Structure formats: C-alpha cells, structure tokens
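Okay, handing you the structure first.
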Amino acid sequence: MPWLSKREVARLERELNHALGRAEDAEKRLAEERARHDWQTLQLVSRVVTKHGGYGLEETKPEPPAPHPKGFTHEPTQEDLDVLNFYKVCATEHGLSEEDAIKKWEARMRGEELFIENPEM
C-alpha cells in the first residue's frame, strides 16, 4: 500500500474541490435551463387552453432572484455563522486579525477556493 505525501494529498483535495465546484455550477445551469423550458411549456399550454375557451395561465416570466449583495451563494445559516465564529477563534489563537478571518469566511460564502497556509508544515 503506497503512502501519499502531504503535497499529493493537498493536490488531490484541490482537484476534488475544483471538480465539486464544476459539478455544482453544471447543476445550477441545468436547473436554470429546466426552469426556462418549463416556462415555455407553460406558455404553450396556456395558449392551447385559451384557444379552446379556457382561462389562460400566467403570462409574465418570473423574475430571477436578486443576487446577494456580497456575492454569497446563499443567505448565511446558523451553521455558516458558527463557521465564522470558528474562523475568528482560530485567527485569535494564531495571532491573526479577525478581519482576515472574516475575509476568508466571505470568500468561502462566495464559493471561492480557500487556501489556508500552515506555517508548521
């Protein structure tokens, strides 16, 4: 059984995070495409129903949700706020500023890759 070096494990973790990000992006694009096709189908059904004397359905396309002002992928949950507090505690334990911890947490909330250097390695 071969052993992996820390560098190889770090590389594999980066590749995994990158692949997961690509998968989430593809799922998001697929959901948007499905929503667009669902709306088009709804409009076609509405036209057929009104042509045969029924009441029509919604005619206006729904507005997409507004993006988060800070670019977050979602509104912070209690778990996200707990992670922020953990980052702050770790920063103070290692003599770093809380602003650095907040910046790293915000980058995490935007879905950016987060690299934390460990001076002990």
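The values are calculated or read from the model by the stated rules, or taken from the named source; none is laboratory data. These numbers come from a predicted model, not from an experiment. Methodologically, a virtual Cβ is constructed for each residue, glycine included, from the backbone with ideal geometry; neighbour enumeration extends over all protein chains shown.
For every residue, the table says whether it meets (1) aliphatic (A, V, I, L, M); (2) touching a helix residue (DSSP H, G or I) at 6+ places or on another chain (Cβ under 8 Å); (3) over 23 Å from residue 10 (Cβ atoms).
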{"site": "25", "(1), (2), (3)": "no, no, no"}
{"site": "31", "(1), (2), (3)": "yes, no, yes"}
{"site": "90", "(1), (2), (3)": "no, yes, no"}
{"site": "105", "(1), (2), (3)": "no, yes, no"}
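Just to be sure I understand, how many residues within segment 70-96 are outside any helix (DSSP H, G or I) and within 14 Å of residue 109 (Cβ to Cβ)?
Result for segment 70-96: 8.
A follow-up question, please. Would you confirm, using the coordinates I've provided, whether residue 94 is touching a residue at least 40 places away in the same chain (Cβ under 8 Å) and either aliphatic (A, V, I, L, M) or surrounded by 11 or more Cβ atoms within 10 Å (Cβ to Cβ) (or both)?
No: the conditions fail for residue 94.
Looking at (1) assigned to a loop (DSSP other than H, G, I, E, B); (2) at negative phi; (3) surrounded by fewer than 10 Cβ atoms within 10 Å (Cβ to Cβ), which is the one condition that is false for residue 53?
(2)
Let me ask something else. Conditions first: (1) small (Gly, Ala, Ser); (2) in a loop (DSSP other than H, G, I, E, B); (3) at pLDDT 85 or above. Residue 31 passes all but one, so which condition is the exception?
It is condition (2) that residue 31 fails.
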